[in-house]
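A short write-up of the structure that comes next.
Computed from the coordinates by the stated procedures, all read-outs in this text should not be read as laboratory data. Bear in mind the structure is a predicted one, so any value in this text is a computation, not a measurement. All Cβ positions, glycine included, derive from the backbone under ideal geometry; neighbour counts span all protein chains shown.
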Amino acid sequence: MNLIEKLRHLDVPGPTITSVTKPFWEGVASGEFLIQKCGECDKNVFYPRTHCPHCWSNRLEWTPASGKARLKTYSVVHHPGHPGWQDVAPYPLGIIELEEGPSMLTQLLVDSPEDLKMGDALHVKFVEVNEIWRPFFERDSSRD
Ligand SMILES: [Zn+2]
């Protein structure tokens, strides 16, 4: 079983979907990676919020993002916080910089975490895990 197949078969909880995050998860379920853009200061915002962290405006609007990112740093998880993830451990969790600017914490889909390098080009990959579509990121060799 490859990594994607293993992910599809995991019995893991969450995410907790709130009224603030619901548009993001609906986007993921329909294959769109949405972030928020501030209608006041024009900055891009992620994770989902009610107010812009730059100017405190509540004029945040959902907009499609490219799904492209670069690796800032990562750590390899050997002992997941929930035992349901153990079947894919060890796995790398990365902090990535989205092409639109904001950073995001995400699980990276790579066979050999030791080959990851800061600045690696990544793109989003949606995988349905326990009946919920979730965003992961994988290497984008076309942008090396
Ligand atoms: Zn703003």
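If only the Cβ of Lys and Arg carry +1 and only the Cβ of Asp and Glu carry -1, the dipole of segment 3-143 around its Cα centre is close to 320 debye.
Which entries of Lys6/Lys72; Lys6/Lys43; Lys22/Lys117 show an alpha-carbon separation above 28 angstrom in the structure shown? Where the Cα-Cα span goes over 28 Å, the pairs concerned are Lys6/Lys43; Lys22/Lys117. Taking amide H as placed 1.01 Å from N in the peptide plane, Lys72 has its amide H under 5 Å from the amide H of Ile95, Ile96, Glu97, Gly119, each at least 5 places away in sequence or on another chain.
Mean-square fluctuations from a GNM of the chain, with a 10 angstrom spring cutoff on Cα atoms, peak among Glu131, Glu114, Glu26 at Glu114. All other residues whose Cβ lies under 14 angstrom from that of Pro64 are scored, Lys and Arg at +1 and Asp and Glu at -1, for a net of -3. Summarising the amide proton neighbourhood of Val45: residues at separation of 5 or more, or on other chains, whose placed amide H is nearer than 5 Å comprise Gln36, Lys37, Cys38.
Sites listed here are trypsin sites (Lys or Arg not before Pro) in segment 49-92 whose DSSP assignment is loop and whose Cβ has at most 14 other Cβ atoms within 10 Å: Arg49, Arg59.
Extent of segment 49-108 along its three principal axes (Cα atoms, max minus min coordinate, largest first): 41, 23, 18 Å.
Here segment 111-126 is scanned for amide nitrogen atoms under 17 Å from the site 7 Å beyond the Cα of Glu5 along Cα-to-Cβ, giving 111.
Compactness ratio for the chain: Cα radius of gyration over 2.2 N^0.38 Å (N = residue count) comes to 1.07. Applying a DSSP loop filter and a limit of 16 other Cβ atoms within 10 Å to the chymotrypsin sites (Phe, Trp or Tyr not before Pro) in segment 50-115 leaves Trp56.
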